[in-house]
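The values are calculated or read from the model by the stated rules, or taken from the named source; none is laboratory data. The shown structure was predicted, so the numbers you read here are calculated from the model rather than taken from an experiment. Heads up, the Cβs are rebuilt from the backbone with ideal geometry, glycines too, and the neighbour counts pull from every protein chain shown. Side chains included, ligands, DNA and RNA excluded: accessible areas come from the protein's heavy atoms. Shrake-Rupley method; radii C 1.70, N 1.55, O 1.52, S 1.80 Å.
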Amino acid sequence: MQMDLPALRTAASQCQACRLCAGRQHSVWDTPPQALPEGLPRWLFVLDAPGPQENAAGAPLLGDAGQLLANMAAAVRLQPAQVYRAHATKCAPLPGHKVSQSELTQCAHWLRHEIARVQPQMVLALGRHAAFSLTGSAAPLGQLRGQPHRMVVPDDEKDTLGALAAIPVVVSYPPSYLLRTPAAKREAWQDLCMAHALLQPQQGAA
C-alpha cells in the first residue's frame, strides 16, 4: 500500500471491512504533520476509539480530553508541531457498541500505514485499545506500564513496515480516564517522563 497520508485517509473513509463503518460520519485523522527542525523528535499519541465528537468532526481527541493531552505534551516541553494524534480505530463505534479485538486488529492495518508515513520517534499508547492495536497485548494497562514495548508488525507486512518495530512504545492511561481519576495523573506523568528519557540518547547523538 504505497499511498501518501491524504490518499490513505481517503481509502480509510471508504473502508467496509468491519461493522464500525455503520455509524461513520467521518474517518478520524489528525492534520498532516509539519516539518520539524533537525533534532526535534516527533511524538505520536495513539488513543482509544474516537467518540461522537470526533466522528462528527473527523478530528482526533476533542473537548476536555484533547486539552488535557495538549497540557501533558506541553509539560514535557513538546512543541505543538512535534505532536501527532491517532485513534486505534478510524471510525467511532455506534452508541453502546464496545469495540472488539477483531475490529481493532482490522483497523490496526490503517494505523500502521499511518505511522509509517508520520515517522515518529516515540509512540505513546494511551488506553487499552491503543495498547492492543500497537503491541498485540490484551494485558491490563497496569501490567503494561513502566517499561517500553515494541510495535507488532504482521509477517505479511514486515517487508514494507518492518522498521516500525524499532520505534519504542510507552503505555499509559487515556486522557478520559485521567479526567475521571485525577489521582492517576501522577502515574501518567511518570510515563511521559520515561518516554522523554528514552529519547535522550537519540537526541544526544543527533
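See the values below:
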quantity	calculated
Options A125, A92: the member that is in contact with a Gly (Cβ under 8 Å, 6 or more places away or on another chain), buried (at least 22 other Cβ atoms within 10 Å of the Cβ), of a type in the set (A, V, I, L, M) and at pLDDT 95 or above	A92
Odd one out for L179 among (1) open to solvent by 70 Å² or more (accessible area, probe 1.4 Å); (2) closer than 23 Å to C107 by Cα; (3) at pLDDT 95 or above	(2)
Failed criterion for Q200 (all others in (1) within 16 Å of L47 (Cβ to Cβ); (2) more than 18 Å from the chain's Cα centre (by Cα) hold)	(1)
Among the residues listed as Q14, Q79, the single one being free of Cβ contacts under 8 Å to residues at least 12 places away in the same chain, open to solvent by 80 Å² or more (accessible area, probe 1.4 Å) and not basic (K, R)	Q14
Some residue of the stretch 25-39 being closer than 23 Å to V152 by Cβ, in contact with a Pro (Cβ under 6 Å, 6 or more places away or on another chain), of a type in the set (V, I, T) and in contact (Cβ under 8 Å) with a residue 24 or more places away in the chain	yes
Helices (runs of 4 or more DSSP H) wholly inside the stretch 1-95 that include at least 1 residues being charged (D, E, K, R) and farther than 28 Å from G162 by Cβ	52-57, 63-75
Filter result (on the phi < 0 side of the Ramachandran plot, part of a loop (DSSP other than H, G, I, E, B), in contact with a helix residue (DSSP H, G or I) (Cβ under 8 Å, 6 or more places away or on another chain) and not aromatic (F, W, Y)) within the stretch 141-197	R145, P148, M151, V152, V153, I167, P174
Matching residues in the stretch 150-172 - criterion: being in contact with a Ser or Thr (Cβ under 8 Å, 6 or more places away or on another chain) and within 16 Å of M194 (Cα to Cα)	R150, V169, V171
Residue among G204, G146, G142 that is surrounded by fewer than 15 Cβ atoms within 10 Å (Cβ to Cβ), touching a strand residue (DSSP E or B) at 6+ places or on another chain (Cβ under 9 Å) and either acidic (D, E) or at pLDDT below 95 (or both)	G146
First in the stretch 156-173 and under 16 Å from P41 (Cβ atoms), second anywhere and open to solvent by 20 Å² or more (accessible area, probe 1.4 Å) and hydroxyl-bearing (S, T, Y), Cβ under 6 Å, 6 or more apart	none
Test result for A108, assigned to a helix (DSSP H, G or I), in contact (Cβ under 8 Å) with a residue 60 or more places away in the chain and crowded, with 18+ Cβ neighbours inside 10 Å	no
